[in-house]
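The values are calculated or read from the model by the stated rules, or taken from the named source; none is laboratory data. The model shown is predicted, which means the values in this text are computed figures rather than measured ones. Cβ sites come from the backbone with ideal geometry, for glycine too, and all protein chains shown count toward neighbours. Only protein heavy atoms, including side chains, enter the accessible area calculation; ligands, DNA and RNA are left aside. Shrake-Rupley method; radii C 1.70, N 1.55, O 1.52, S 1.80 Å.
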Amino acid sequence: MTSQSGLDVLRTRTIVDCDTMDEQGASSLNPVAKKLGPFQDCTSNQAIAYGELSKPEHAGLISASVTDAKALLYRFPGLGVEELAVEIAMVKLALKIAPHIRGHVHIQTNPYYSYSTEKTIVNALRIVQLFQHFQPGFEQSRICIKVPSTWEGMVACRTLEQAGVRTLATTLFTMAQAVLAAEVGCTYVAPYVNQLKVHFEPGFADPNKLLPLCVLIQKYYESVQAKTHVLPASLTSTNEIFALAGVQHITIAPGLLEELSQSSSVPSVQSLFDTNVPAITPTSNLSYVNDESAYRLAFTRDLHGASEEKLTQAMNIFCDMQDRLVQVMKANI
């Protein structure tokens, strides 16, 4: 009898997604999406896209994306060639990995639009159009648009979900954001267990990991029968992952997936979903969707402003990554 890996054990309790745009994995001999799948969803963002498009093997894809952007620019007034080329390249990478997953491919909107509802909606609908252009007949139900969890972004999610476009509220750090995301009908929320800079600042460790918040949000969603699913992100260790065994979804980077696949079947930590500590969830009548000022105050007050600082930090990092992606395209014009 073949022994189970940690990844096998995790999958008995949680739907596992891969956090990558790399169809092949670390190398052509180590295709994570193929070897360790099947995965349900495949998540991404500007940082992941930049890391992938920086690889020499994607020079042809970048060049083709710029050519396609020039040809399609007339359909999107007011947009620059470089920005459209970035979106085309991300869509093409997602289409490459789509055959190796069973569920959604996730593309994140331009972070520069995070505080504009109108621009976020237009951006999301353009991404859906690009999927259809490059692979006619690709199921729209398999496309999930990641939108940063600002007030404006989540108001955009309400419109998108009503139009049949699946959304994920990302860079989520507070219960207030989670409550609003459920009210607007997001398909997923992605609580960031670690603030984003842990992946960019060597030696930095998040002193306030949000593992308990993931449990709290899921219990709250169950109590109000929300359709929104919890999909934690920004994980840095297998211990963090095992601590969330039992969460509805979890997205994991290739390196940690490899570690899980090579580990023994017995997790080294107990899942927070198995503890007997009662979770204090908000009352079921808590609502922000029609009270912007109450939402903004609750968000600003969370952890005395630390949560708002985490969101600001994430937006800055993602805007930096968007700038780098634009420069990659500009170099090929």
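A full extension of the chain between Arg142 and Ser237 corresponds to an added length of 31.3 nm, given 0.36 nm per residue minus the alpha carbon distance. Solvent-accessible surface (1.4 Å probe) assigned to Ser284 amounts to roughly 90 Å². With a cut-off of 14 Å between beta carbons, the residues surrounding Asn316 carry a summed charge of -2, where Lys and Arg count +1 and Asp and Glu -1.
In terms of the Cα gyration tensor, with a ≥ b ≥ c the square roots of its eigenvalues, is the range 249-293 rounded because a/c is under 1.5, prolate because a/b exceeds b/c, or oblate? Cα axes put the range 249-293 in the oblate bin.
Relative contact order for the chain: 22 percent, from Cα pairs under 8 Å spaced at least 6 residues apart, divided by residue count.
Applying both filters, DSSP loop and at most 12 other Cβ atoms within 10 Å, to the GluC sites (Glu not before Pro) of the range 132-239 gives Glu139.
If you take the square roots of the eigenvalues of the alpha-carbon gyration tensor of the range 157-290 and sort them as a ≥ b ≥ c, do you get rounded (a/c under 1.5), prolate (a/b over b/c) or oblate? Note, shape of the range 157-290 comes out prolate. Stokes-Einstein diffusion for the range 98-163, with the hydrodynamic radius set to the Kirkwood value over Cα pairs and evaluated at 25 °C in a medium of 0.890 mPa s, equals 201 µm²/s.
The residues of the range 165-279 expose, per residue, 37 Å² of accessible area to a 1.4 Å probe. With R₀ set to 30 Å, the beta-carbon distance separating Cys319 from Lys55 gives a calculated FRET efficiency near 0.85. Average projection, convex hull of the Cα set of the chain: 17.5 square nanometres. Solvent-accessible surface of the range 47-88, averaged per residue with a 1.4 angstrom probe and all protein chains in place: 44 square angstrom.
Shape analysis of the range 245-320 places it in the oblate category; the axes a ≥ b ≥ c from the Cα gyration tensor give an a/c of at least 1.5, with a/b not above b/c.
Note on the chain: dipole from Cβ charges, positive end direction compared against His104, Phe318, Thr174; the farthest Cα belongs to His104. Work out which helices of the chain, taken as complete DSSP H runs, extend at least 15 Å along their axis over the Cα atoms and score a mean Kyte-Doolittle of -1.0 or more, then list them. Helices passing the filter in the chain: 59-72, 81-97, 117-134, 151-162, 211-224, 306-330. Legend: residue pairs Lys35/Lys55; Lys146/Lys227; Lys92/Lys197; Lys92/Lys146; Lys35/Lys219, Cα-Cα distance threshold 23 Å; pairs beyond threshold, Lys92/Lys197; Lys35/Lys219.
Charging the Cβ of each Asp and Glu at -1 and of each Lys and Arg at +1, and nothing else, the dipole of the range 48-153 about its Cα centre rounds to 240 debye.
Kirkwood radius for the range 19-170, taken over all pairs of different Cα atoms as the inverse mean of 1/r, rounds to 15.7 Å. Ligands, DNA and RNA left out, the 1.4 Å accessible surface of the range 164-322 is 52% carbon and sulfur atoms. Surface composition of the range 18-135: carbon and sulfur atoms hold 56% of the protein heavy-atom accessible area at a 1.4 Å probe.
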